[in-house]
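Q: Just passing along the structure, written as structure tokens.
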Amino acid sequence: MSSVPIWLIVLIKAIIVLFVVITVFAYSMLAERKVMGWMQLRPGPNRVGPWGLLQPAADAVKMMFKEDLTPETADPLIYRLAPFISLICAMGTFAIIPFSANKDGSLWAVGNVNAGILLVFCMTSIGVYGISLAGWASGSKFPLLGSVRSTAQMISYELAMSMSVIGVLILAGSTALSDIVNAQYRVWFIIPQLVGFVIYLITAIAETNRAPFDLVEAETELVGGFHTEYSGLRFGLFFIAEYLNMITVSCLATLLFLGGWNGPFGLPSFGLLGLLWFIIKAGFFLFFYIWLRSTLPRFRYDRLMAFGWKVLLPVATLNLILTAVAVAVWPTHV
Amino acid sequence: MSDHRKNLFNVGALVRGLTTTFSYMFKKKPTVQYPSVMKQHAPRFHGLHELRRYADGKERCIGCELCAIACQANAITVIGAENSPEDRRSPGERFAARYEIDELRCIFCGLCEEACPTDAIVLTPRFEMADYRRGAFVYAKDRLLVPPEAGVGTPPDERPNGIPADLGGVFRAKDTVDITAGYEATHRGHILKDHTRGGAA
């Protein structure tokens, strides 16, 4: 083992995670279309392969062969760069997300960072630049509106999101994702941090630009928002980034609030069993996002802002203060 | 509290909405997988026209143009001609030298069928007439008339209840048809100037 250089191990791990994550993206996209279809009394895509299982491959081929247009009014360099910013940031987060752990405590992750949660938030925050720059560089009005909305939405919802997560960090006493999961060995943080969990769930939807907070790309008002002008593979990259962000926030919700790879009721689970628990929990969140999208209509923009600043942020702050006081008063109980 | 505030915190409504969509996930889907599964249509479905024959193979159409007069959409063009003793096409004195229906104009109301004194023109349940060429929608006798080997056609009051077995026949005829042929009579602009109505040139 010692003869294998560390960079090679990391590289192999990264490639494995990349392939798995891209496959999960492809099938979460299919799952979304299927589930939305079922909920709208349609069968969903079922023409390509058995039960439409090859639909992602067909979509990928379609994306690749479509013309990649750049509008004349666009800023060409930033216009071409923006999708990559989104995608790289979305993919980068998976480098530090632990999916399971062995009995000896070694993680099933590409890298274990002691400030893991901070790095994830950094990555997702930089990812917003992809959207903002794409809208700005497109040189037309709807993308610009989309990017302005995205900036405003990110600022207002990321605050509440961070606030809701800090409660968990206080309880766990660490920002490393592995420590946070280990701290939930007996009780998942969803129980002491129920308010934080609900706020996280809501803000995570806004963070990933998903319905009912998808004002950034609102098809009916903004004709696609920031990606109106994008086509072909570059549009595909935004698509991948959106779904990867969705998977990221689902994984984070699992790690922060649902005990990560821990089984319920303190059931010990390591290795593959832990991975199974992780997949089940993260999968539930993915399903929940799809479910919510087919249930709720889009928010009006001013109400979105009001909700973020006047409801979520105060409640999250209050939750944070209460958690801090509780930990300070009864330090042994957590 | 303003109305939208009240709606915002109405968790009960949210849960109700979520349960509704969730239960719909398992409902039976009404989708018909169309090209592979055909829906049964109504017994008196009005589809593509057909010109019928008598049992002895003679055409029923006598070129009277009542269908063309009844047609609300001016879709039918009939140019009749006298039967000659050596080549009798219909039992009467006259037959349809040209009989063309512009299916793009047709509204499938069935008035032609009702107007026909000899039950010659009927509507079949065939409905798959899509084509990339405009001209292919002008159906002339080569596609309207029942081929002699295919029998006499279906009487209007015995119209098949559902999908005809020879639905694919529409496709086969389409590929071989000369799309310019249909315009010989139907291009009203100049052709009808050359022909007096009711008599062939």
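No lab work stands behind these numbers, since they all come straight from the coordinates. Note that this is a predicted model, so its numbers are computed, not measured. As a convention, Cβ positions derive from the backbone with ideal geometry for all residues, glycine included, and neighbour counts pool all protein chains shown.
Q: With a 10 Å Cβ neighbour count serving as the proxy for reagent exposure, in which order, fewest first, do A:Tyr79, A:Tyr129, A:Tyr230 appear? It would help to have the intermediate numbers written out before the result.
A: Numbers: A:Tyr79 22, A:Tyr129 19, A:Tyr230 25.
Listing A:Tyr79, A:Tyr129, A:Tyr230 from fewest to most nearby Cβ atoms yields A:Tyr129, A:Tyr79, A:Tyr230.
Q: Here is a further query. In a GNM of chain A with a 10 Å cut-off on Cα contacts, which of A:Asn182, A:Asn102, A:Asn319 has the highest mean-square fluctuation?
A: With Cα springs under 10 Å in chain A, the top fluctuation among A:Asn182, A:Asn102, A:Asn319 is at A:Asn102.
Q: When the helices in the protein assembly as shown are scored as -39500 (n - 2.57) per DSSP H run of 4 or longer and the sum is shared across all residues, what 222 nm value do you end up with, to the nearest 500 deg cm²/dmol?
A: Values: 20 runs with 267 residues, N = 535.
Calculated at 222 nm, the ellipticity per residue is -16000 deg cm²/dmol.
Q: Among the complete DSSP H segments of chain A, which ones combine at least 30 Å of alpha-carbon extent along their axis with a mean Kyte-Doolittle hydropathy of -0.5 or more? Before the final figure, lay out each step's value.
A: Details: long enough: A:6-39 (47 Å, 1.86); A:116-137 (32 Å, 1.73); A:141-172 (46 Å, 1.10); A:232-257 (37 Å, 1.52); A:271-293 (33 Å, 1.71).
For chain A, where a helix must reach 30 Å along its axis and average at least -0.5, the hits are A:6-39, A:116-137, A:141-172, A:232-257, A:271-293.
Q: Sticking with this structure for a sec: Taking 8 Å as the Cα distance limit and 6 or more residues as the minimum spacing, I'd like the relative contact order of the range A:155-279 as a percentage. Please report the intermediate quantities before stating the final value.
A: Working: 128 pairs, mean separation 35.4, N = 125.
So the answer I get is 28 percent.
Q: Sticking with this one: Could you sort out which of A:Lys34/B:Lys39; A:Lys103/A:Lys281; A:Lys13/A:Lys281; A:Lys34/A:Lys141 sit more than 25 Å apart by Cα distance in this structure? Kindly include the intermediate steps, with their values, before the conclusion.
A: On the way: A:Lys34/B:Lys39 23 Å; A:Lys103/A:Lys281 20 Å; A:Lys13/A:Lys281 22 Å; A:Lys34/A:Lys141 33 Å.
Those over the limit are A:Lys34/A:Lys141.
Q: With each label point set 7 Å from Cα along the Cα-Cβ vector, what nm distance links A:Leu18 and A:Ala57?
A: 2.1
Q: Given the peptides A:147-154, A:25-32, arrange them by the average over their residues of other C-beta atoms within 10 Å, most packed first.
A: Those peptides, ordered most packed to least, come out A:147-154, A:25-32.
Q: As an exercise, use a Förster radius of 41 Å and the Cβ-Cβ distance of A:Ile9 and B:Met38 to find the FRET efficiency, rounded to the nearest 0.05.
A: Working: r = 58 Å, r/R0 = 1.42.
Given R0 = 41 Å and the Cβ-Cβ separation, E is 0.10.
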